[in-house]
Amino acid sequence: MRLRTTVPAITAAALLAAILALPGQALADSTPAPTGTPVAGASASPSDSGTPTASPSDSNAPTASPSDSGTPTDSASPTAGPTADPSTSPTAGTTPADAPTISAVTPVDTAQGRVLQVRASSSIGVGSVSATLSSGGVDTTVNTFVQQGDGVWQSGVVVLPDYASYTESVTAVDTAGTSSAAFTGSMDYYKRPAFDSSTTITPSTLSYGHSTVTATGKLDTWDPATGLHTDEPYLGDDETLTLNNGAGTAVAWGYLWSYQNNANFSLTYSPNYSGFKTDVLTLNTTYAHGTVTGPAAAVAKASLTATRVRLDRSTATALANTTVSVTGTVEYLDSVTNTWKPLANQAFKYLDQYGWYVGYYTDANGRFSIGVSTTTPRTWTFATDSSDYRWDSWLADSTANFSVTSVTQTVSLSLSSPQIDEYSDLTFYQSVYTSNGKIPNNRVYLLQSANGKTWTNLGYIPTTGSQSQQFQAWVSNPHAYWRLYSPAGGGYQAAFSNVIHTFRYGTLLTGGKPNHTTVKKNGWVTFRGGLYDQGYGAWAPMKNTRVYLAFRPYGSKNWSLATSAKTNSKGAYSLSAKASRGGTWEVVWFTSNTWFVDAFGPSTYVHVK
């Protein structure tokens, strides 16, 4: 078995104290002579209580066992050893003692270098232990083992001629001179990385804002011949670094390349809250000849950090279908200061009657602004969105409600295609739209203005809410301005339509009444007056144009023309006709083009005796 070992820094420090107290370093006898110069060692009495040494049973100097992945052990089985020297063989008539046995050979890496610990036993007591390490045809003998305790012997620091893999053969001799069978195995003898004592794994408890585990430190060089060198970064190979969880799975990893002359490293691990539980995280580094286990730390997780959605206002009134701005701040409770602080760049969503709307994020100050609209009172739920990939899993969800408590309905009015005919009948199309499909009192009002500034209410137009329809009505001014109006009230907003305009000259017949209202049969009646027109200015006489006198007999619905006459230069007219029977008389003027409207005088009944 190839022997590899790793001793954490604390253990190494304890062993350092033990080794410094040893009587001397291991003596390495080699043939031919090794390239390194071994340090001569002196034997020490096992009963010398003033000389502390490393021992597998010493809690401050742990030793490797076959199950310890960080401290390699020998696993070779003993082979047949040399026969006892005849000079030390038992004499006739005595019962020879059993040969000593070696149950384990363990290399132990200390802060000063590598020592060997041998567990040997004998019924009469072990007198000495020696080891021979061989590589490339060169043998090095280590015979400076000192008994540490019951059955445990330990060498001084083993100094070998080369950094290489060695075979080992260890023998114990009892107090009668009987040698044990050789315990054989193999051992790697190389410089290796060692985690510096400054290495840390923090924090010990994960929470929001502190949810990343960071392992930092540097790799020192440990030399089996001279021990730990904290001032010498390990640059021997391209090392792989891992941070392993309690199950041995790497949760973070990195590399230290040989050209990085400081050997500093930093690994980070950012677990999801739901996927993490209290665990022990351990550093490891793999180099050309094995794996070194470094410091470990227990890491726990705190409860989810509380959040809240703080709205600037929670209620509002609104116009129907008009955007209402909902603003606020998403905050978290700082566990250190116990104060609420803004959550920047975190996801949130809101719920209305149609479902959730997602994909919204707070700004750098934790603020948000969302526009909503409605035609009826309604409540929206605003919530943090833990399902979004940008939401920090170490935060708890929270919600807040926003309500529109009352809605004023809106009305939209529109007029189009205005026309005015010779009778001064105005025709147009009207469109009415309301946010809820209804309109107050089922009516809108028609307003008229001579100049587009001062308005007169002409009356209302029946309507049943949102609809379009054609409308016609006689108007007194054929070149006026018109618009529709819906008054405010009953939960509705006031509304005005656009303004429409037509142009025909207005006409006016003055006078037009008979000189008598009662005459004898076939008596004459005379009508006098003037005819005028008006554009955008004053009224002007209409010269040399024909006016007519119309008559409708009593009990009839039909009119007939009794006579006609032209106006003079001042627009004056005079019309006379015989009254043969009672009836209604009226002076009229008819336009012959699209620039004027017809003119009508008063209707007057004349009695005939």
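The values are calculated or read from the model by the stated rules, or taken from the named source; none is laboratory data. If you're wondering where the values come from, they're calculated on a predicted model, not measured in any experiment. Glycine also receives a Cβ, built like all others from the backbone with ideal geometry; neighbour counts cover every protein chain displayed. Side chains included, ligands, DNA and RNA excluded: accessible areas come from the protein's heavy atoms. Shrake-Rupley method; radii C 1.70, N 1.55, O 1.52, S 1.80 Å.
If the segment from SER369 to SER416 were pulled out straight at 0.36 nm per residue, it would be longer than the present Cα-Cα gap by 13.0 nm. Spin-label model, ASN568 to ILE461: label points 7 Å out along the Cα-to-beta-carbon direction sit 4.6 nm apart. Share of carbon and sulfur in the accessible area of the stretch 163-235 stands at 54%, probe radius 1.4 Å. If the segment from TYR536 to GLU232 were pulled out straight at 0.36 nm per residue, it would be longer than the present Cα-Cα gap by 98.9 nm.
When only alpha carbons are used to place a centre, the stretch 412-455 and the stretch 506-530 end up 38 Å from one another. Note on the stretch 334-418: with charges restricted to the Cβ of Lys and Arg (+1) and Asp and Glu (-1), its dipole about the Cα centre is near 220 debye. Here the peptides 441-447, 364-370 are ranked by packing, the mean other Cβ count within 10 Å, and the order with the highest first is 441-447, 364-370. Counting Lys and Arg as +1 and Asp and Glu as -1 over every other residue whose Cβ lies under 14 Å from the Cβ of VAL499, the net charge comes to +2. With both labels modelled 7 Å from their Cα along Cα-to-Cβ, the ALA288 to TYR255 distance reads 1.7 nm. Summing +1 for each Lys or Arg and -1 for each Asp or Glu among the other residues whose beta-carbon sits under 13 angstrom from that of THR584 gives +3. From most to least packed by mean Cβ count within 10 Å, the peptides 392-401, 169-178 give 169-178, 392-401. Taking all protein chains as shown and a probe of 1.4 angstrom, THR408 keeps an accessible surface of around 50 Å².
Accessible area per residue for the stretch 116-240, computed on protein heavy atoms with a 1.4 Å probe, is 34 Å².
Take the stretch 242-371 with all the other protein chains still there, run a 1.4 Å probe, and you get 52 Å² of accessible area per residue.
From the P(r) of the stretch 133-180, could you give the percentage of C-alpha pairs in the tail past 15 Å? Result: 55 percent of Cα pairs exceed 15 Å. Accessible surface of the stretch 393-550, 1.4 Å probe: 47 percent of it comes from carbon and sulfur atoms. Annotation: amide H of GLN346 within the under-5 Å range of THR362, sequence separation 5 or more or interchain, hydrogens built in the peptide plane. Ordering of 146-155, 599-608 by packing is 146-155, 599-608, highest average first (other Cβ atoms within 10 Å, averaged per residue). With semi-axes defined as the square roots of five times the eigenvalues of the C-alpha gyration tensor, the equivalent ellipsoid of the stretch 209-319 measures 44, 16, 11 Å, largest first. With R₀ fixed at 22 Å, the C-beta to C-beta distance from SER403 to VAL358 puts the FRET efficiency at about 0.55.
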